[in-house]
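The values are calculated or read from the model by the stated rules, or taken from the named source; none is laboratory data. No experiment lies behind these values; they were computed from the predicted model shown. Cβ: placed from backbone, ideal geometry, glycine included. Neighbour counts: every protein chain shown. The area values use the complete protein model at the heavy-atom level, side chains included, leaving out ligands, DNA and RNA. Shrake-Rupley method; radii C 1.70, N 1.55, O 1.52, S 1.80 Å.
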Amino acid sequence: MEDKEVTNLMTDRARAIAAAYETLESSEAPFAVHVLASGSQGNATLITYKNTTILVDAGISARRITNGLKAVGLGLDKLSAICITHEHTDHMAGLPQLLKQCNVPVYTRAGTMRELVNRKNLDTKAFCVLTKNNFTIGDLQIETFRTSHDAADPMGLSCYNGKHKLTFMTDTGLVDDTMLKNMDESDLLVLEANYDPQMLKYGPYPFDLKKRVAGPYGHLSNEHAAQALLMMKRPEHLQAVMAHRSEKNNEQAVVTDTVTTALTAEGLIMKQDITIFHGQPKEMVTIRA
Ligand SMILES: [Zn+2]
Ligand SMILES: [Zn+2]
């Protein structure tokens with residue numbers, strides 16, 4: 001019954017991915033990023049390579065995360081680690097339920113752990129507190145870095161498999177040198193493009209919230225994201241998922257337009273030098289190296 005329900009929920013794209021995975025031995029699985037959900041309603045992303053599967057953020061229900069794993073041909077038992085970037089609800093709402101269902105280490109910075117433990121009454125034993133920026137999870141080398149956001153101890157992260165690099169960075173009000181360095185040479189990128197400044201200015205948010213979103217500890221605008229793409233050292237071909245798009249202060253077409261205009265003005269050729277994708281609130285988006 002449950003399997004049937006799950007199958008019905010799978011999109012054609014997810015079915016194709018699951019079929020592709022079935023034909024591969026797990027040791028041959030490509031380096032892939034599956035953005036299960038992206039936006040202010042909830043964020044969760046799977047990073048898969050060989051036998052390593054990392055969940056970055058758990059801001060959707062444990063059931064949806066489990067369905068996402070099934071869609072890529074994996075079970076909850078295949079999860080190697082959970083990384084929580086920060087304690088905001090849209091990044092951790094599903095974590096307590098998920099931890100009831102599996103015994104997977106949760107990697108966070110100390111401040112984030114304290115907030116999660118206090119707010120959700122979680123056991124500190126579930127956590128691996130990061131005392132350094134470089135560590136290994138299974139087949140992937142991870143490097144974390146601080147983001148600029150109004151949370152206790154927010155982070156982004158890069159993953160290397162020896163050949164390819166993925167960087168995940170959402171929920172940051174600005175991009176500094178350390179963040180850019182982490183973005184450098186990434187083949188795969190999940191990068192926030194949260195708001196369009198005009199839509200935010202004339203949109204429904206109260207003034208204080210507008211100030212927060214656009215401030216140095218808020219979120220990246222489409223323009224900020226485009227500038228970061230231009231400033232980073234890009235590989236021959238970069239695939240970038242534009243993520244955490246605001247429902248009220250942005251639209252997918254506006255993201256595409258702003259980013260494409262900025263990049264082509266600097267001579268980049270879309271789909272040749274860079275291909276952009278869009279994270280969705282309720283649909284899985286996959287890029288692979
Ligand atoms: Zn946040
Ligand atoms: Zn967020």
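Considering the stretch 122-147, and only residues there that are surrounded by fewer than 20 Cβ atoms within 10 Å (Cβ to Cβ) and part of a loop (DSSP other than H, G, I, E, B), the residue that is nearest to ligand 2 (Cβ to nearest atom) turns out to be L122. Checking the structure you have, find out if any residue of the stretch 269-288 is in contact with a strand residue (DSSP E or B) (Cβ under 6 Å, 6 or more places away or on another chain) and among the charged types (D, E, K, R). The answer is yes; a qualifying residue exists. Checked against (1) within 16 Å of ligand 1 (Cβ to nearest atom); (2) assigned to a helix (DSSP H, G or I), V117 passes all but a single condition, namely (1).
For the stretch 158-172, the count of residues that are in a loop (DSSP other than H, G, I, E, B) and of a type in the set (V, I, T) is nonzero. Screening the stretch 154-174 for residues that are among the hydroxyl-bearing types (S, T, Y) and either open to solvent by less than 10 Å² (accessible area, probe 1.4 Å) or touching a His at 6+ places or on another chain (Cβ under 8 Å) (or both) and picking the one that is farthest from Q239 (Cα to Cα) gives T172. So is T264 β-branched (V, I, T), more than 23 Å from L166 (Cβ to Cβ), at pLDDT 95 or above and touching a helix residue (DSSP H, G or I) at 6+ places or on another chain (Cβ under 6 Å) or not? Against the criterion (β-branched (V, I, T), more than 23 Å from L166 (Cβ to Cβ), at pLDDT 95 or above and touching a helix residue (DSSP H, G or I) at 6+ places or on another chain (Cβ under 6 Å)), T264 does not qualify. Cβ-Cβ distances below 9 Å connect the following pairs, each with a first residue in the stretch 259-272 that is surrounded by 13 or more Cβ atoms within 10 Å (Cβ to Cβ), a second residue that is among the acidic types (D, E), and a separation of six or more residues or different chains: V259/E223; A262/E223; L263/D273.
Looking at the stretch 100-114 only, could you name the residues that are assigned to a helix (DSSP H, G or I), more than 14 Å from ligand 1 (Cβ to nearest atom) and surrounded by fewer than 19 Cβ atoms within 10 Å (Cβ to Cβ)? Spell out the reasoning first.
Initial filter on the stretch 100-114 (assigned to a helix (DSSP H, G or I)): 100-101, 110-114.
Add one more test, that the residue is more than 14 Å from ligand 1 (Cβ to nearest atom), and what stays is 100-101, 110, 113-114.
Of everything in the stretch 100-114, those that are assigned to a helix (DSSP H, G or I), more than 14 Å from ligand 1 (Cβ to nearest atom) and surrounded by fewer than 19 Cβ atoms within 10 Å (Cβ to Cβ) turn out to be K100, Q101, A110, R114.
If you go through the stretch 211-234 and keep only what is over 19 Å from Q252 (Cα atoms) and within 16 Å of ligand 1 (Cβ to nearest atom), you end up with K211, R212, G215, P216, Y217, G218. Looking at the structure I just gave you, is A151 within 15 Å of ligand 1 (Cβ to nearest atom) and open to solvent by 40 Å² or more (accessible area, probe 1.4 Å)? Taking the combined requirement at face value, the residue does not satisfy it.
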